[in-house]
Amino acid sequence: MAFRLTGIFKTAAGIFPVKTPFFWLTAPLFAFGIFCLFSESGSILKLYPILMNVLFLFFFGFTLFMPQTLIYRFAVLMDKSIPGSPWNKKIAGYCRKVTIVWCCFFLLNGSFAAYTVFFGSEKLWTIYNGGIVFILMSLIFAIEYIIRKIIQKKVHLAVPLSAFKKNSRNSSLILCYDGAWREKRYKTWKDFIAETAKLRKYINKCGLDKKRWLLYSEDCWYFLTAFTALLQCKKEILLSANISQGYIAEICGSSNSAVSFITDQIPGGEQEYIHIPKLLTDISLDLSDLKDVQEINADETSIIMYTSGSTGEPKAIKQRLTEFEKDNSGIISLRGEEFLKRKTCSTVSHHHMYGLLYSILLPFTIGVPFRRKMIDFPGELEKLTCVPYMFISSPAFLKRVVKTETTFALKSPWIFSSGGLLDYDIAKKTNEVLGFWPIEGYGSTETSGVAWRQSCLGQEWTPLDTVKLKQAEDSCLIVRSPYIKDPAGFKTADMIELLPDGRFLLKGRIDSVVKIEEKRISLPEIENRILQSGYAEDVCVIPVEGYRQYLAAAIVLNNEGIKKFDGLDKIKINKFWREYLSQYLENVVIPKKWLYPKELPVDTQGKKRKEDMILLFSEEIKGESLE
């Protein structure tokens, strides 16, 4: 009892500072209670139960009018992961109900204690306040404990990759599924423990000198098991965006030590590799292999993600599992409840930050099944109508979906989009076709998640709770978050307008502002003007170096544009665009070269790379005049 009171006092001290009226009200009550305990006056001592019930009623009842109840504070003291979990609101609601129950008890108990003092006999006072009240309290504690355990069985606790144990989940819990959920091709927690043990056994046999491992696996399940086993064996993991021979050679050639290549693919060329499916088939386990699970120290991990920089060459960005899990915690806190209601599937690569966090690590942490294979074609969505799904997608894929003009009968879907800005019209059509207006995420491999928006509510971006933003002198965005180790933050190349309420608008990239004959022009501005014509579905404007620098525009016509320019030769179509843009721009910055491809080249994340666009124009530039 003394321990419980000490805990209450400590928690109360955090809720009610010394200077508040609460302190000056309760301090005399506590002093009086101590006086009663040591007083020889029986009549004064009889008042003690009444005063304590009044005190506890006020203690618990006051917090019902606060965001966090006293019992919720106790729960957080026992489990620090609650505030950032998807069950935070449910736990807070449950604690509020328990608080109400205790308030009712203190009210009724205090009332009956008063009856025994003023109207009952001394024997009744002794029996009730010295015995029955403790039985009633024990009964409430026991009933609440049973209810709590029943509720906990229905809830999967958050288990990040760095904290999982062999028995963290029920062995039959489904972690991964193949195809559609109704096909019942599942991988369970038991499979995860066994298959990571097999890979761990092989990796340990390779010796300590094999410190760096390049991982590429298109199968999300193989990726998770290999990723986990490598971390358990304290290896440095290199994540490649693709396995083209030249790309792999650039990554492996830049290292000072040998790199072991592990994959689920059959790469071309003479590159040596370790085949994950073959290992899982060939390696056998004994009881000692499954006895213990090696711990992962998130702070000591090394994960290098290779992303294509502005030059297209592999750009290494080193992180730890610590940063991944901090970022995941913010996502779970914001959207975790929606993930819990759905099965996860993805149209983006998990070799990039966005795909890895949302498609694998987040579902693993909260115990939500994720799909083994990435969705490659819009037609695959027809099979995913059996249960509610969480779609992790990109602007490039959603553009392809709406082009099909097929309405998919999805059940209560949620759609995330990242990897580039999603055009408002595409977002609107996505809602018409798939039944949900996409939630866009803004971030990068260097910053991870920064902000979100749902463009049906406006074009403004809302920062995540864990992120602090600042606008630099050149209007570029500076990001500070738990994910970024530099206390000064990370300066992006995105120009913004920071709004008074903390939200912001994107104003293009600083490297998208070019000088054409001493005239500064924003390439996104020209692209937006072309899109506003109503005849273009997509566009990309780039600067081209010739005998002088000029702009070139590649325009993908929409249905209205195809109808308008049907039968016209290219010279007349070019003339239309020059005359249209002359309403807004000076002649010197109007594009001099025009192309009308069926689609624009993009990388695996749906981004347009400058070198690909230059290649698109190169043959045309050689063979035709500028005008």
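The values are calculated or read from the model by the stated rules, or taken from the named source; none is laboratory data. On a predicted model such as this, the values are computed, not experimentally measured, just so you know. FYI the Cβ positions are ideal-geometry reconstructions off the backbone, even for glycines, and counts take in every protein chain you see. Surface areas here come from the heavy atoms of the whole protein model, side chains and all, with no ligands, DNA or RNA. Shrake-Rupley method; radii C 1.70, N 1.55, O 1.52, S 1.80 Å.
Here are a few things to note about the model shown:
- Whole-number percent relative contact order across the chain, with pairs defined as alpha carbons under 8 Å at least 6 apart: 8 percent
- Each residue of the range 192-198 is assigned a 3J(HN,Hα), and the resulting list reads 4, 4, 5, 6, 5, 5, 4 Hz, derived from the Karplus form 6.51 cos²θ - 1.76 cosθ + 1.60 (θ = phi - 60°), x at Gly and Pro.
- Here the extension length gained between K485 and Q549 equals 19.1 nm, from 0.36 nm per residue of separation less the Cα-Cα distance.
- Global geometry of the range 401-531, whether rounded, prolate or oblate, following the gyration tensor of its Cα atoms and the 1.5 cut on a/c: oblate
- From most to least packed by mean Cβ count within 10 Å, the peptides 486-494, 227-235, 297-305, 279-287 give 227-235, 297-305, 486-494, 279-287.
- Formal net charge of residues neighbouring D219 (Cβ-Cβ distance under 14 Å; K, R +1; D, E -1): 0
- For the pair E460 and K89 in one chain, pulling the backbone fully straight at 0.36 nm per residue adds 130.9 nm over the alpha carbon distance.
- Mean Cβ neighbour count within 10 Å, used as a protection proxy, ranking 89-100, 499-510 highest first: 89-100, 499-510
- The trypsin sites (Lys or Arg not before Pro) of the range 531-564 that meet both conditions, a loop assignment by DSSP and at most 15 other Cβ atoms within 10 Å of the site Cβ, are R548.
- In this structure the amide hydrogen of S417, modeled in the peptide plane, comes within under 5 Å of the amide hydrogens of S393, I439, E440, G441, none closer than 5 places in sequence on its chain.
- Convex hull volume of the range 183-250 per residue (C-alpha atoms, cubic angstrom): 96 Å³
- Only the Cβ atoms of Lys and Arg (+1) and of Asp and Glu (-1) were treated as charged; on that basis the dipole of the chain about its Cα centre amounts to roughly 2100 debye.
- Global form of the range 264-303, assessed from the alpha-carbon gyration tensor, a/c cut-off 1.5: oblate
- Filter on K190/K235; K205/K318; K564/K593; K429/K485; K234/K343 - keep pairs with C-alpha separation over 28 Å: K429/K485; K234/K343
- Label of the coordinate-derived value, semi-axes √(5λ) of the Cα gyration tensor in Å, listed as (i) 38, 30, 25; (ii) 58, 32, 23; (iii) 61, 28, 22: (ii)
- Relative to the longest principal axis of the Cα atoms of the chain, the long axis of helix 48-63 makes an angle of roughly 10 degrees.
- Taking only protein heavy atoms and a 1.4 Å probe, the accessible area of the chain is 57% carbon and sulfur.
- DSSP bridge pairs, the chain: antiparallel proportion in percent, nearest 5: 60 percent
- Amide H contacts of Y550 (H built 1.01 Å from N, under 5 Å, at least 5 apart or other chain): V544
- Couplings for the range 158-166, taken from phi via the Karplus curve 6.51 cos²θ - 1.76 cosθ + 1.60 with θ = phi - 60°, read 5, 10, x, 4, 6, 10, 6, 10, 4 Hz in order; Gly and Pro are left as x.
- Å² of accessible area per residue within the chain, as computed with a 1.4 Å probe and no ligands counted: 51 Å²
- C-alpha long axis of helix 2-15 to longest principal axis of the chain, angle in °: 50 degrees
- Net charge contributed by nearby residues that have their C-beta within less than 9 Å of Y177 (K/R +1, D/E -1): +4
- Placing a label point 7 Å from the Cα of L285 along the Cα-to-Cβ direction, the residues of the range 183-203 with a backbone N closer than 19 Å are 186-203.
- Interchain or long-range residues, amide H under 5 Å from L595's placed H: A553, A554, I555
- The length gained on full extension between V101 and E122, counted as 0.36 nm times the residue separation minus their Cα-Cα distance, comes to 4.7 nm.
- Label-point gap, in nm, between T445 and A472 - each point 7 angstrom along Cα→Cβ: 2.0 nm
- Size of electric dipole in the range 183-262: Cβ of Lys, Arg +1 and of Asp, Glu -1, about Cα centre, debye, nearest 20: 440 debye
- Angle in degrees between helix 220-232 and the longest Cα principal axis of the chain, rounded to the nearest 10: 60 degrees
- The range 298-430: C-alpha gyration tensor shape, a/c 1.5 cut-off, then a/b vs b/c: oblate
- With a cut-off of 15 Å between beta carbons, the residues surrounding Q471 carry a summed charge of +1, where Lys and Arg count +1 and Asp and Glu -1.
- Taken one residue at a time, the phi angles of the range 348-361 give Karplus couplings (6.51, -1.76, 1.60, θ = phi - 60°) of 10, 6, 7, 8, 10, 4, 4, x, 4, 5, 7, 8, 10, 5 Hz. Gly and Pro are set to x.
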